[in-house]
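Student: Sharing a structure, written as structure tokens. Questions coming.
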Amino acid sequence: MPSLFPSQTALGYAKVAVERGVDRYPDGLTYAIPPELADLRSGERVMVPLGRGDTTAGGCIISISRETDLDPDRIKFIRGRDASSAKLPGDLIELARWISNYYCAPIGMTLAAMLPAAVKRNIGAVTKTMLDLGNPLPLEVKLPPKQRAVLEALASLPPEKRPIELSALRELAGLKTNSPIRRLLDRKLLDQQQRSTVEATWAQHATDDFRPDSLTAKQQQIIDKIISTLDKGFSSHLLYGVTGSGKTEIYIRLIERVIQAGKTALMLVPEISLTPQTGGRLIGRFADHRVAILHSGLTSAQRHQQWALVANGGAHIILGARSAIFAPVPGGKIGLIIVDEEHDGSYKQDQAPRYHGRDVAIRRAQLAGCPIILGSATPSLESWHNATENGKYALHILDERAPGLRLPTVKVVDFAEQARAHHDRKVHLLGPMLEGAIGRTLETGGQILLLLNRRGYANYIACPDQTCGWVMTCDHCDVTTVYHKSKRLATGGFVQCHHCLTEQRLPSQCPDCANKVTTFGLGTQRVEEEITNKFPELVTGQTMLRIDSDTMHGAKSFHDALERFGRGDIRLMLGTQMIAKGLDFPGVRLVGVINADTALNLPDFRAAERTFQLVSQVAGRCGRGDQPGLAIVQTFNPGVPAIRLAAAHAYTEFAEIELSERRQCNLPPYSRMARIVVRDAELMKCIAIGKRLAEGLRSLADDSQRIRGPAPCPIARLSDRHRQQVEILATNASSLQSLLASARSAGMIQPGASMAVDVDPTTML
Ligand SMILES: [Zn+2]
Ligand SMILES: [Zn+2]
């Protein structure tokens, strides 16, 4: 075959991970480098011809070499750089290779997931020019009136209003053009700085109110220990500190050290905790430094700005949710990685590449050769096991709250018993104890958080005739649907599937026997209704707020709501787990858990662990001021360890019980798991694919691996596709990885639309 570009000579060869590429080429596809792109480096994004039709595809260079083993005449040439000028640092390419291998995800897709879309498409890469007074004006200089007006306008501003945006300054000085400002810049009488709009927004929330007068001896001890590891390469630390024990202060002191040493600190928090509180506190403490904040609430332009700020080495601190672990910090600059609330479920990505942000963070710290701190009041059992049983992590414990703060009293209430105490036949979601406590807290000026981890009004729509037994399920999924009330609709409400989000009308009668349907079960809307009836003063005073994904639209409305709560405008906040995490409001004296059992009965071996975490975390939101806190936990299962021990603040005891059960059943962390879900519109085909996969895996497996399935997933049909699962349990990570690798290279595992591979799965539905 003749050369495709006979007139060109290759200057070398590049392996390109093509975004659309399939899983067959884990090291990328080979392309020739044309002379005009002689300066291409690995990590850069390029456009290449792909497939028979040579359609143009985007990808990332993962390595460059002078030679190739392939026939040079058959190698296509790179077409050029793409629109972005993005370049990934070398350790991120290494990290992508690791993720692609470990989590069975195509390398091109993995690299693509590391870059925000706005960076790839090069949109919105703008920063704002901010202006401030520059050198003092020498006495002998006579300025033209317009330039003088600019300086006077700036000087009239109070210091916290400076620097000021170019357009605002122009307006303030009454100018029609920028030229007087430009002249002043040339003469260095004005100073210009580039700031991203995100920094400008978050600066409004900056606060230094949380700085404690002094550290406790425990805090100081832990700080000293970790500081002694800062320049000694990779080390991993688990910081187990009860809620309100001052973990953040430890992070802040360590970050100070890292910045002093000229390095960058990278801190991950769960998406939902990325509140103005967390961001404002860091920005407030590091007022002279630049903090890049990365979270899903940013516009694409803002995302691009923050990415560029990090890539240019301008950020001293990076604070962000899961994907911030891919922040393009220039090589050798990362001095410390912190994963706060390391147990949190939002660190696991639920679509390919299905990576766990905490585990990727550990890998990144290894590549960067720096310490990593995992912090939590309720460490995941994996991390606890690593810190206590196999010595992989150094364990640091803060078992008391900061001076002056006590852990809240937690009362567990038997829901069944409380229901009997009501002498009417109505359904009460607030038992007498919780209702009484709400009343007293309102009277004495405290604030209240109420948690119910289920949105909507009622999660069952059914026929009242038990012999009929009809329950409304989604047309597209094998799940029951949820009734939502809505004032906007003439019908008063609608029915929604919480999995595929399809909406339907509420049927008036049972399709099988024509009885009038009833709705029952719990939902935040129903709790809201009950509170409205029992505490009407909250409604008339507009001091109650419901927080769930139906009432909150984006990060901004959530942040605004938290601010109103922080100011005390809101007295009672009711919501899903959005309110269970990371909030620190001194006014909260009562926390109520409407039903602690929502996660307990899920078909998932982590159900008990989740329940323990949720109850402990939400209870920990109260008693952070000078008044003691009370948490009331309603449950049908008052005796189960997850609830009983969460109420007793007995994490270590819970961990011991739960770990011994996991050990007996050979479940993680005593084994490693991968879950493969196959999906097909046709049930028989789906089962057949599942069977073939399971048989194939069994033929490759040895004694260290066990294959379970195929079996229908707990949700056996989702969005019109049937789902069968095959689970691999292996004695350790390397055994699991070697089986996955052989199955992948044999073509048995093909991650894509019809097969999802989840390594170390955290949800089993
Ligand atoms: Zn559905
Ligand atoms: Zn019926």
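Student: What number of residues within segment 699-743 are more than 30 Å from residue 502 (Cβ to Cβ) and part of a loop (DSSP other than H, G, I, E, B)?
Tutor: Number of matching residues: 6.
Residues are listed down the side, and each one gets a yes or a no for (1) touching a Ser or Thr at 6+ places or on another chain (Cβ under 9 Å); (2) under 30 Å from residue 710 (Cβ atoms):
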position: 617; (1), (2): yes, no
position: 654; (1), (2): yes, no
position: 657; (1), (2): no, no
position: 663; (1), (2): no, yes
position: 667; (1), (2): no, yes
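Student: Continuing with the same structure: Taking the criterion of being in contact with a strand residue (DSSP E or B) (Cβ under 8 Å, 6 or more places away or on another chain), surrounded by 16 or more Cβ atoms within 10 Å (Cβ to Cβ) and either among the basic types (Lys, Arg) or modelled with pLDDT of 80 or more (or both), would at least one residue in segment 403-410 satisfy it?
Tutor: Scanning segment 403-410, I find at least one residue that is in contact with a strand residue (DSSP E or B) (Cβ under 8 Å, 6 or more places away or on another chain), surrounded by 16 or more Cβ atoms within 10 Å (Cβ to Cβ) and either among the basic types (Lys, Arg) or modelled with pLDDT of 80 or more (or both), so the answer is yes.
Student: Considering 489, 506, which residue is in a loop (DSSP other than H, G, I, E, B), surrounded by 14 or more Cβ atoms within 10 Å (Cβ to Cβ) and away from ligand 1 (no atom under 14 Å from the Cβ)?
Tutor: Result of the check over 489, 506: 506.
Student: Checking residue 623 against (1) surrounded by fewer than 23 Cβ atoms within 10 Å (Cβ to Cβ); (2) at positive phi, which single condition isn't satisfied?
Tutor: (1) is the only condition that residue 623 fails.
Student: Is it the case, given these coordinates, that residue 441 is assigned by TED's automatic domain parsing to the domain that holds residue 587, within 26 Å of residue 545 (Cβ to Cβ), away from ligand 1 (no atom under 16 Å from the Cβ) and among the polar types (S, T, N, Q)?
Tutor: yes
Student: OK, next. Starting from segment 232-257, take each residue that is in contact (Cβ under 8 Å) with a residue 12 or more places away in the chain and farther than 23 Å from residue 580 by Cα and list its partners that are in a helix (DSSP H, G or I) and polar (S, T, N, Q), counting only C-beta distances under 7 angstrom and pairs at least six apart or across chains.
Tutor: Cβ pairs passing all conditions: 234/366.
Student: May I ask you to verify whether residue 528 is assigned by TED's automatic domain parsing to the domain that holds residue 595 and either buried (at least 20 other Cβ atoms within 10 Å of the Cβ) or within 16 Å of ligand 1 (Cβ to nearest atom) (or both)?
Tutor: Yes: the conditions hold for residue 528.
Student: If you take the residues in segment 55-83 that are under 39 Å from the mean Cα position of the chain (by Cα) and among the basic types (Lys, Arg), which one is modelled with the lowest pLDDT?
Tutor: Per the stated criteria, the residue is 81.
Student: If you go through segment 462-489 one residue at a time, how many are within 16 Å of ligand 2 (Cβ to nearest atom) and over 21 Å from residue 548 (Cα atoms)?
Tutor: Of the residues in segment 462-489, 12 are within 16 Å of ligand 2 (Cβ to nearest atom) and over 21 Å from residue 548 (Cα atoms).
Student: Does residue 457 qualify as being more than 16 Å from ligand 1 (Cβ to nearest atom), among the aromatic types (Phe, Trp, Tyr), surrounded by 12 or more Cβ atoms within 10 Å (Cβ to Cβ) and within 35 Å of the chain's Cα centre (by Cα)?
Tutor: yes
Student: Could you tell me whether any residue of segment 387-401 is in the same structural domain as residue 638 (by TED's automatic domain parsing), of a type in the set (S, T, N, Q) and either more than 16 Å from ligand 1 (Cβ to nearest atom) or in a strand (DSSP E or B) (or both)?
Tutor: No: zero hits.
Student: Scan segment 245-272 for residues that are crowded, with 23+ Cβ neighbours inside 10 Å and of a type in the set (S, T, N, Q) and jot them down.
Tutor: The answer is 245, 264.
Student: Let me ask something additional. Every residue in segment 465-486 that is closer than 18 Å to residue 454 by Cα, hydroxyl-bearing (Ser, Thr, Tyr) and away from ligand 1 (no atom under 14 Å from the Cβ), please.
Tutor: Within segment 465-486, 483, 486 qualify.
Student: Residue 519: within 16 Å of ligand 2 (Cβ to nearest atom), at pLDDT below 90 and either within 34 Å of the chain's Cα centre (by Cα) or closer than 23 Å to residue 575 by Cβ (or both), yes or no?
Tutor: Taking the combined requirement at face value, the residue satisfies it.
Student: Another question about this same structure. I need the full set of residues from segment 744-763 which are touching a helix residue (DSSP H, G or I) at 6+ places or on another chain (Cβ under 9 Å) and either in a strand (DSSP E or B) or among the hydrophobic types (A, V, I, L, M, F, W, C) (or both), in order please.
Tutor: Within segment 744-763, 746, 748, 749, 755, 757, 759 meet the criteria.
Student: Then there's this: Given the conditions (1) within 23 Å of residue 620 (Cβ to Cβ); (2) touching a residue at least 24 places away in the same chain (Cβ under 8 Å), and given that residue 440 satisfies all but one, which numbered condition is not satisfied?
Tutor: The single condition residue 440 does not satisfy is (2).
Student: Hey, could you check segment 23-54 for residues that are surrounded by fewer than 14 Cβ atoms within 10 Å (Cβ to Cβ) and within 19 Å of residue 94 (Cα to Cα) and say which is modelled with the lowest pLDDT?
Tutor: Among those that are surrounded by fewer than 14 Cβ atoms within 10 Å (Cβ to Cβ) and within 19 Å of residue 94 (Cα to Cα), it is 24.
Student: Kindly check whether there is at least one residue in segment 125-148 that is outside any loop (DSSP other than H, G, I, E, B), over 27 Å from residue 297 (Cα atoms) and free of Cβ contacts under 8 Å to residues at least 24 places away in the same chain.
Tutor: Scanning segment 125-148, I find at least one residue that is outside any loop (DSSP other than H, G, I, E, B), over 27 Å from residue 297 (Cα atoms) and free of Cβ contacts under 8 Å to residues at least 24 places away in the same chain, so the answer is yes.
Student: Can you tell me which of 350, 344, 414, 399 is crowded, with 21+ Cβ neighbours inside 10 Å and of a type in the set (Asp, Glu)?
Tutor: The match here is 344.
Student: Hey, could you check segment 493-503 for residues that are surrounded by 13 or more Cβ atoms within 10 Å (Cβ to Cβ) and part of a loop (DSSP other than H, G, I, E, B) and say which is nearest to ligand 2 (Cβ to nearest atom)?
Tutor: Among them, the one singled out is 497.
Student: I'd like the residue in segment 451-461 that is of a type outside the set (Gly, Ala, Ser) and assigned to a loop (DSSP other than H, G, I, E, B) and, out of all such residues, is nearest to ligand 2 (Cβ to nearest atom).
Tutor: It comes out as 459.
Student: While we're looking at this one, here's another question. May I ask you to verify whether residue 448 is within 16 Å of ligand 2 (Cβ to nearest atom) and at pLDDT 90 or above?
Tutor: Judged against the criteria, residue 448 is not a match.
Student: Mind checking which helices (runs of 4 or more DSSP H) fall wholly inside segment 242-344 and carry at least 2 residues that are of a type in the set (Gly, Ala, Ser)?
Tutor: 276-285, 300-311
The values are calculated or read from the model by the stated rules, or taken from the named source; none is laboratory data. Predicted model, so just to flag it, every value in this text is computed and none were measured. Cβ atoms come from the backbone with ideal geometry, glycine included; neighbour counts cover every protein chain shown.
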